[in-house]
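Throughout, read-outs are computed from the coordinates displayed, never taken from laboratory work. Given the structure is predicted, the values throughout are model-derived calculations rather than measurements. A quick note on method: Cβ atoms are made from the backbone with ideal geometry, for glycine too, and the neighbour counts reach across all protein chains shown.
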Amino acid sequence: MDRTTRSLAGFGVDRRTLLKSAAIGVAGVASPFVQTARAAETVRIGLDDTFTGTYAALGKNEMIGAQLAVEQINAKGGILGRPVELLIEDSTSGDAGAAVQKATKLIERDHVNFLLGNVNSALAQAMAQVANSHGVLHVVPGGHTDAITGDNCHWNVFRVCNTTAMETAAVASVLIKNFGKKFYYLIPDYAFGHTLHSGMERAAKPLGGISVGADLVPLGTTDFSSYLIKAQAANPDVIIFFFAGDDMINALKQAVQFGLNRKFHLAGAQQELEALLGLPPEARVGTWVFEWYWNQPGVPHVEEFVAKIRQKTGGHVPTARTWFGYASTWTCALAAETAKSLDAVKMARALQDFHLPPEVALMPNGAFYRAGQNQLIPDLFVGNAREKGPKDPEDLFEVTEVVKGSSVAGTLEETGCKMNWPA
Amino acid sequence: MRHKGERESPQGPSTAVSGAPADMNQLILFNLFNGLIVGAFYALMALGLSLIMNLTGVINFAHGGFLAIGAYLAYSLIPYVGFWGALIIAPLLTAAIGLVVERLLIRRVYGLDPLYSLLLTFGLAFILEDATRLIWGAQAVAYQVPSALTTPLSYDYFFLTGYRLLMVAIAAVVVIALFVILKYTRLGMRIRAGTTDLETVSALGVNTSILRNLNFGLGIYLAGLAGVLAAGQLGLQPTIGSSLIMPSFVSIIIGGLGSLPGTLLGGLLIGVASSLTSVFYPSATEAVMYVLMASVLLVRPRGLLGEEGRF
């Protein structure tokens, strides 16, 4: 009573409140020490991903998948009996320096047992270097450049998403069989675009595919009309869009505005639900590869996964990115459980030829990490975008064919991966 | 470069299906025309930036953020007032937000080293981007333009949609209106006078605080309008403004600081330059505007139509 009147009287803080807040303040400052005592207990997974900038939506979905996985892992007793904690850091969408700094902080200061990330392939590669020099197990959920499990592969770096070689190989035959042999390529001018182009040419050539033209388009181009008119002039059977993210949305939007979808078939190797959601309905066209799709009737465990993610996102379905985050995090837990250890080398060995259980793989033919490459070999979903789903507003992709990853992954030699294990 | 635009030669006279220009001259003509359209859009954005810079010396790095706000407001308004209603209301709302921001934040850095305004607006840009991400989400949203506008007007030379024509028409009308306002209205005359000598204008009894406030609002109106127009062509997500801000700065530098006609010219010039470059050397489409800027700075630092001694 007395205390209340005095506080109201003139913002005066009485002595007891002051002491209490000081105590709380000291506890706040002292808490790292308290946490260190606890840290020996928890297993920590560090997610260093893109939460701001152009890839923010993708990174966020990966995070949601990872969070669900951590909840499930903890519900089952954690990793080797210890609770799991997910630490989240923003790498920004394009700053390799920030990604490396956050990764270093997670490893050296927070002592994470696992590193996850990044949407941006270049950042993922930079982080892989950091993880490798510290000997920490690193799982890349959605960075696509082939080199991560190819020329620049490391014993401690694993990847969930497909290589560009696999994606192009999956769709090439479908395009040639159904639409024709003449391709015009629109290629974003960076590693991802270049490898998609060479992959598609490699896959299409034995089937009789011909390139009637190609354009290297700077990343972040906003006006595609000059490239689209060249594509039209070349009179192809298919116009191939190798873009991702905003570039894909802009290019498709403009292509449809120019009516190109009525004269030619539009297609590409990689498409994501995030892009289709950002397009106006009439621009949701084309033949694409999805790396994971939420609507898989008859495949066990998928519906439960979708339902649980809907609870976390306020009704939105999981995208391939959500599954990448989910599978990556579960990979960490399963690696530790299989190796019965948190030692990175033992876990990496345990993951060689490791098959993900069906409730994590969530696809008809399952998925496994190829030994000697650390690359997940999953199913790929080839199909067509559609304006709106028959039953669900977010069912924007109609899967026409599920391609087994092993049939398009090529040989180990072709990937160029030569793994050096520590002594 | 490995992949020049290799094409097989066109199959004789244009077929009924694809009557598109297939030879170099027509391609150049198309890109010239298209470049003017793109340039008109850049000019619209740059003019708002230039207006603010000329009167107050504030370099508004947050201009792209206001563009994004304009676009998102239009997106939220469309279900209630339709596409055309949103086109009218959203830029006005954005301008209102601009007036508030000027009153609360920008006003504090007048008269200081330009670095202060730069830092302030740079930080503001981040805040605006994160605010749009917080309110509308990081996921790109589907912005619906009336289908009547998005069908191609002609399959032959012009490769033009009604929407692009609308963009140019609106840009032209607004630019003309801007010059009319500046030349014939009292507000416009005061802005022009203030650009030359703000102190004297103040001494003559004009309330310069209100003048700068309204000027800022006018500049932000243009940014908001540019945003609403951009949303019909581009994917609408929080970073939409950041990809469009650099051409604005380059337009101003090329056209000349302190000159609005110069900014207009600069915008059109880089639009045409980018489009034409995409015919011959696509990888350089973004770089060419910086090359132009560097050339102008070396040869005529004040800009093509700029005043000497400014900045």
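Here are a few things to note about the model shown:
- The range A:202-265-the range A:390-423 distance, computed between alpha-carbon centres (Å): 23
- Of all DSSP bridge pairs formed entirely within the protein assembly as shown, close to 35 percent run antiparallel.
- Remark: relative contact order (the range A:165-290) = 28 percent; criterion is Cα-Cα distance under 8 angstrom and separation of 6 or more residues.
- Taking only alpha carbon atoms, the range A:323-365 gives an Rg to Rh ratio of 0.99, where Rh is the Kirkwood radius.
- About the Cα centre, charge dipole magnitude for the protein assembly as shown (Lys/Arg +1, Asp/Glu -1 at Cβ), debye: 1300
- Shape class for chain B: prolate, because the ratio a/c of the largest to smallest gyration tensor axis (alpha-carbon atoms, square roots of eigenvalues) is 1.5 or more and a/b beats b/c.
- Two-decimal log10 I(q)/I(0) for the range A:364-420, as the Debye equation yields it once each C-alpha is a single scatterer, q = 0.24, 0.25 Å⁻¹: -0.93, -0.96
- For chain A, the longest principal axis of the alpha carbon atoms and the long axis of helix A:245-257 meet at an angle near 40°.
- Average partner coverage of B:229-235, which counts Cβ from other chains inside 10 Å: 5
- The angle between the Cα long axis of helix A:121-134 and the longest principal axis of the Cα atoms of chain A comes to about 50 degrees, rounded to the nearest 10.
- Percent RCO, i.e. relative contact order, over chain A, from Cα pairs under 8 Å lying at least 6 residues apart: 16
- A compact globular protein would have a Cα radius of gyration near 2.2 N^0.38 Å; the ratio found for the protein assembly as shown is 1.04.
- The angle between the Cα long axis of helix A:15-39 and the longest principal axis of the Cα atoms of chain A comes to about 50 degrees, rounded to the nearest 10.
- Principal axis dimensions, largest first and in whole angstrom, of the range A:165-290 by Cα: 35, 27, 24
- Separation of the alpha carbons by more than 22 angstrom is noted, of A:Lys253/A:Lys388; A:Lys105/A:Lys418; A:Lys102/A:Lys346; A:Lys177/A:Lys205; A:Lys177/A:Lys388; A:Lys181/A:Lys388, for A:Lys105/A:Lys418; A:Lys102/A:Lys346; A:Lys177/A:Lys388; A:Lys181/A:Lys388.
- Measure of compaction for the range A:67-122 (Cα Rg per 2.2 N^0.38 Å): 1.29
- Mean per-residue shielding of peptide A:257-267 is 4, counting Cβ atoms of other chains within 10 Å of each Cβ.
- In chain B, the calculated helix contribution to ellipticity at 222 nm averages -23500 deg cm²/dmol per residue, counting -39,500 (n - 2.57) for every DSSP H run with n ≥ 4.
- For the range A:286-304 versus the range B:182-228, the inter-centroid distance based on Cα atoms is 57 Å.
- P(r) tail for the range B:191-311: Cα pairs beyond 22 Å make up 48% of the total.
- Relative contact order computed over chain B (Cα-Cα under 8 Å; 6+ residues apart), in percent: 33
- Per-residue mean of C-beta atoms belonging to partner chains within 10 Å, peptide A:363-373: 0
- Packing rank of A:384-390, A:176-182, B:63-69, A:243-249, where each peptide gets the mean count of other beta carbons within 10 Å, highest leading: B:63-69, A:243-249, A:176-182, A:384-390
- Packing, as the average of other Cβ atoms within 10 Å across residues, places the peptides B:104-112, A:216-224 in the order A:216-224, B:104-112, highest first.
- Under 20 Å from a label point set 7 Å out along the Cα-to-Cβ vector of B:Thr196, the amide N atoms of the range B:206-246 belong to B:206-209, B:211-212, B:215.
- When the alpha-carbon atoms of chain A are used, the pair Rg, Dmax equals 23.9, 90 angstrom.
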